[in-house]
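Okay, structure first, notes after.
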Amino acid sequence: MAVFKGVAASPGIAIGEAYVIQEKEIEISTEKIPEEKIQREIETFRRAISASKEQIDKIRQKTLEEMGEEKAQIFQAHMMILEDPSLVEAVEKKIKEEYITAENALYQVTEEYVNIFMQMEDEYLRERASDIKDVSARVMKNILGIQANTLADMDREVVIVAKDLTPSETAQIDKKKVLAFAADVGGRTSHMAIMARSLEKPAVLGLSKITANVKTGDRIIVDGNEGVVIVNPDEQVYEEYLNLKQKYMEYKEELKRLKEMAGITTDGCRVELSANIGTPEDVCGALQNGAEGIGLYRTEFLYMHRDEVPSEEEQFKAYREVAEKMQGKPVIIRTLDIGGDKKLPYLDMPEELNPFLGWRAIRMCLDRPEILKTQLKAILRASGYGSFKIMYPMVSSVEEIRKANGILEEAKEELRREGVSFDNKLQVGIMVEIPSAAVTADLLAKEVDFFSIGTNDLVQYTLAVDRMNAKLSHMYDPFHPAVLRLIKNVIDSSHDNGKWTGMCGEMAGDPLAAPILVGMGIDELSMSAASIPQVKRIIRSLSLEEAKGIVEKVFKMESSQEIRNYLKDVVGSILKRN
Ligand code: PEP
Ligand code: MG
């Protein structure tokens, strides 16, 4: 028996037979070629490009039919890479000028692209390097006449074990035959992870050496909840996992039943349970998991991976799409929160020593009011199609709210002059994610309709622990007594002023936090869609009185460790009810 730990990329437990996918080696000839063969090499390359386009088109079509538009878009992106004239030109130029083989020229050119992407800070962009590798490997195989791994002829149910599965390989697998995935590379945002989650198959990725330690036919357990893979388990472990798998399936069934039910405590206290989204496409997952609204729409994705600020019209269309898909359910749109770890190359953002303490979010927007005003006009125009609220990020003072509201008034005035109608009563709130805002919540509450606590940033600023620094991750703790006191102050201050408070940081979806947040009087919790059912289950098994008692106890505790231990017991016993 051997146990491997990796990234829990898609939840669930699978037990079955391993099927190891062996990469066929691509051998790149680095020989120089004689002048008279150059034209032939270029033609081979062009033929390989057309063959690759045909193959990609077929895969795109299959993916579209089996998995829908969103997943098929990956292959649209592959097509775009092949259609990029600068790539084709660069390869042909290399063949001609350096007298090298087509596969060698292609390798060198794509490697440059891959390196640029790999060095990007943004995890999503880093993962895009795998798209270029995938396309490049396909063209190379076509140059060299190597048959692609089809995977389509699997005749039994298996757990796929691979170094990495490219999107095109994943798309060709017969999904009915796949129990789970285990791979040497990949993280939570890799294609394999995204595909596995959308297929609802367990996946553990980033296992480093799993392919070297498993043979086709071995018995293998993939625990996508814990990020663990066990090869050839002994009888006792095997029995344990059969049991765990059964329990997990029952649990999933129960969560499905919860979908239509409200987040309400046993004594009738309502907590609105909403989802965080980044794009209009995410609305589907939110609704499937029973979200009552969108508590955080991170609009910055609209501004990323492009050359200029999106126009009012383009933004309007995206916001209207969200409004229409949500069919009147509330949507909180956060205005542009860029800076920190997210940079926009076209905005001429300064190099900063401390980007998280720098020119970001509302600070940048107040300095570049035309950007904010364009966005606010787009939001206002779309507000007529649904139920919108506006939220400013990274607010640290009363003045910033007043300035932002001044720009909002200008946006409204311009629309009135243009004869465009909008929801005139839409609520305006702020993210409370800077300690100064949390401490002065009593003052800020008078300026807004609501607060939403952004614990991702609030924790890092309160504890002076960089949220991106893996070395400090053990210190990054939402259950620190300081953070809990700030949260309580924000909720109390909003209620004293007749306003409401939600939470949209990761803490909102943490089952351990649910009882204390309810006990402190939180009005709304917004989280990644998949977390909603479990949080709902906890809230529905608890009374407000009990939750208040839990808060009272927690506020007497001195350390987050003590708090966590206590909450683990509490939540463990709540989950055993009914
Ligand atoms: C937060 O800071 O808690 C938050 C929700 O915003 P983001 O993670 O986008 O900074
Ligand atoms: Mg934040």
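The values are calculated or read from the model by the stated rules, or taken from the named source; none is laboratory data. Quick caveat: nothing in here was measured; it's all calculated off a predicted structure. Here the Cβ positions follow ideal geometry from the backbone for every residue, glycine too, while neighbour counts run over all protein chains shown. We work out accessible area using only protein heavy atoms, side chains counted, and drop any ligands, DNA or RNA first. Shrake-Rupley method; radii C 1.70, N 1.55, O 1.52, S 1.80 Å.
Pairing residues of region 430-456 that are without any contact (Cβ under 8 Å) to a residue 40 or more places away in the chain with residues that are buried (at least 18 other Cβ atoms within 10 Å of the Cβ), at Cβ distances under 6 Å and at least 6 apart in sequence or on separate chains, gives Ile430/Tyr392; Ile430/Val395; Ile430/Val448.
In region 297-334, the residue that is most open to solvent (accessible area, probe 1.4 Å) out of those that are closer than 14 Å to Ser383 by Cα and in a loop (DSSP other than H, G, I, E, B) is Gln327.
A residue that is of a type in the set (S, T, N, Q) and within 25 Å of Ala482 (Cα to Cα) occurs nowhere in region 407-427. Highlighted here are the strands (runs of 3 or more DSSP E) found entirely within region 152-271 that include at least 1 residues which are open to solvent by 80 Å² or more (accessible area, probe 1.4 Å): 219-223.
Scanning region 395-423 for residues that are touching a strand residue (DSSP E or B) at 6+ places or on another chain (Cβ under 8 Å) and open to solvent by less than 20 Å² (accessible area, probe 1.4 Å), which turns out nearest to ligand 2 (Cβ to nearest atom)? Spell out the reasoning first.
From region 395-423, those touching a strand residue (DSSP E or B) at 6+ places or on another chain (Cβ under 8 Å) are 395, 400-401, 404-405, 408, 423; that's our starting set.
Restricting the remaining residues to those that are open to solvent by less than 20 Å² (accessible area, probe 1.4 Å) gives 395, 401, 404, 408.
Numbers: Val395: 11, Ile401: 16, Ala404: 16, Leu408: 20 Å.
Looking at the filtered set, the residue picked out is Val395.
Which of the residues that make up region 482-499 are open to solvent by less than 30 Å² (accessible area, probe 1.4 Å) and within 14 Å of Thr455 (Cβ to Cβ)?
Step one: filter region 482-499 for residues open to solvent by less than 30 Å² (accessible area, probe 1.4 Å), giving 483-484, 486-487, 490-491, 493-494.
Within region 482-499, Val483, Leu484, Leu486, Ile487, Val490, Ile491 qualify.
Counting residues in region 389-396 that are within 22 Å of Lys317 (Cβ to Cβ), within 16 Å of ligand 1 (Cβ to nearest atom) and hydrophobic (A, V, I, L, M, F, W, C) gives one or more. Confirm whether Glu43 is modelled with pLDDT of 90 or more and of a type in the set (Asp, Glu). Yes.
Could you say whether any residue in region 343-361 is modelled with pLDDT of 95 or more, touching a Ser or Thr at 6+ places or on another chain (Cβ under 7 Å) and of a type outside the set (D, E, K, R)? The answer is no, given that none of the residues of region 343-361 is modelled with pLDDT of 95 or more, touching a Ser or Thr at 6+ places or on another chain (Cβ under 7 Å) and of a type outside the set (D, E, K, R).
Could you pull out every one of the helices (runs of 4 or more DSSP H) wholly within region 395-503 that has 2 or more residues that are polar (S, T, N, Q)? Even if it seems obvious, please write down each step before you answer.
Numbers: elements: 398-418, 435-439, 441-444, 455-463, 481-496.
Qualifying helices (runs of 4 or more DSSP H): 455-463, 481-496.
Just one of the listed residues (Ala547, Ala514, Ala508, Ala530) is open to solvent by 60 Å² or more (accessible area, probe 1.4 Å) and assigned by TED's automatic domain parsing to the domain that holds Ile332, and it is Ala530.
Residues that are open to solvent by less than 40 Å² (accessible area, probe 1.4 Å), in contact (Cβ under 8 Å) with a residue 12 or more places away in the chain, closer than 28 Å to Gly227 by Cα and in contact with a strand residue (DSSP E or B) (Cβ under 6 Å, 6 or more places away or on another chain) do occur in region 21-28, at least one of them. Residues in region 1-10 that are open to solvent by 40 Å² or more (accessible area, probe 1.4 Å) and either in contact with a Phe, Trp or Tyr (Cβ under 8 Å, 6 or more places away or on another chain) or assigned to a strand (DSSP E or B) (or both): 3 in all.
State whether the residues of region 321-339 include one that is within 16 Å of ligand 1 (Cβ to nearest atom), over 17 Å from the mean Cα position of the chain (by Cα) and modelled with pLDDT under 95. Yes: region 321-339 contains one or more residues that are within 16 Å of ligand 1 (Cβ to nearest atom), over 17 Å from the mean Cα position of the chain (by Cα) and modelled with pLDDT under 95.
Identify, please: which residue in region 66-118 is among the aromatic types (Phe, Trp, Tyr) and open to solvent by 70 Å² or more (accessible area, probe 1.4 Å) and is, among those, farthest from Asp282 (Cα to Cα)? Talk me through it step by step, then tell me what you get.
We begin by selecting, within region 66-118, every residue among the aromatic types (Phe, Trp, Tyr); these are 75, 99, 107, 113, 117.
Still in the list and also open to solvent by 70 Å² or more (accessible area, probe 1.4 Å): 99, 107.
Numbers: Tyr99: 48, Tyr107: 35 Å.
Going through the qualifying residues, I end up with Tyr99.
Evaluate the following for Ser383: is it surrounded by fewer than 19 Cβ atoms within 10 Å (Cβ to Cβ), more than 17 Å from Pro310 (Cα to Cα), in contact (Cβ under 8 Å) with a residue 12 or more places away in the chain and more than 16 Å from ligand 1 (Cβ to nearest atom)? Outline the logic, then answer.
Working: surrounded by fewer than 19 Cβ atoms within 10 Å (Cβ to Cβ): no; more than 17 Å from Pro310 (Cα to Cα): yes; in contact (Cβ under 8 Å) with a residue 12 or more places away in the chain: yes; more than 16 Å from ligand 1 (Cβ to nearest atom): yes.
Considered against the rule, which asks whether it is surrounded by fewer than 19 Cβ atoms within 10 Å (Cβ to Cβ), more than 17 Å from Pro310 (Cα to Cα), in contact (Cβ under 8 Å) with a residue 12 or more places away in the chain and more than 16 Å from ligand 1 (Cβ to nearest atom), Ser383 comes out as no.
Taking the criterion of being in contact with a strand residue (DSSP E or B) (Cβ under 8 Å, 6 or more places away or on another chain), more than 30 Å from Gln460 (Cα to Cα) and open to solvent by less than 20 Å² (accessible area, probe 1.4 Å), would at least one residue in region 345-364 satisfy it? No - not one qualifying residue is present in region 345-364. Looking across region 424-456, the residues that are open to solvent by less than 50 Å² (accessible area, probe 1.4 Å) and more than 16 Å from ligand 1 (Cβ to nearest atom) come down to Leu426, Val428, Thr440, Leu444, Ala445, Val448. Among the residues of region 477-489, is there at least one that is within 16 Å of ligand 2 (Cβ to nearest atom), modelled with pLDDT under 95 and under 24 Å from the mean Cα position of the chain (by Cα)? No; the residues of region 477-489 include none that is within 16 Å of ligand 2 (Cβ to nearest atom), modelled with pLDDT under 95 and under 24 Å from the mean Cα position of the chain (by Cα). Cβ separations smaller than 9 Å between residues 6+ apart or across chains give the following pairs from region 114-126 residues that are among the basic types (Lys, Arg) to residues that are surrounded by 13 or more Cβ atoms within 10 Å (Cβ to Cβ) and part of a loop (DSSP other than H, G, I, E, B): Arg126/Met120; Arg126/Gly187; Arg126/Thr189.
Of everything in region 89-124 that is outside any helix (DSSP H, G or I) and of a type in the set (Val, Ile, Thr), the residue that is nearest to Ser29 (Cα to Cα) is Thr101.
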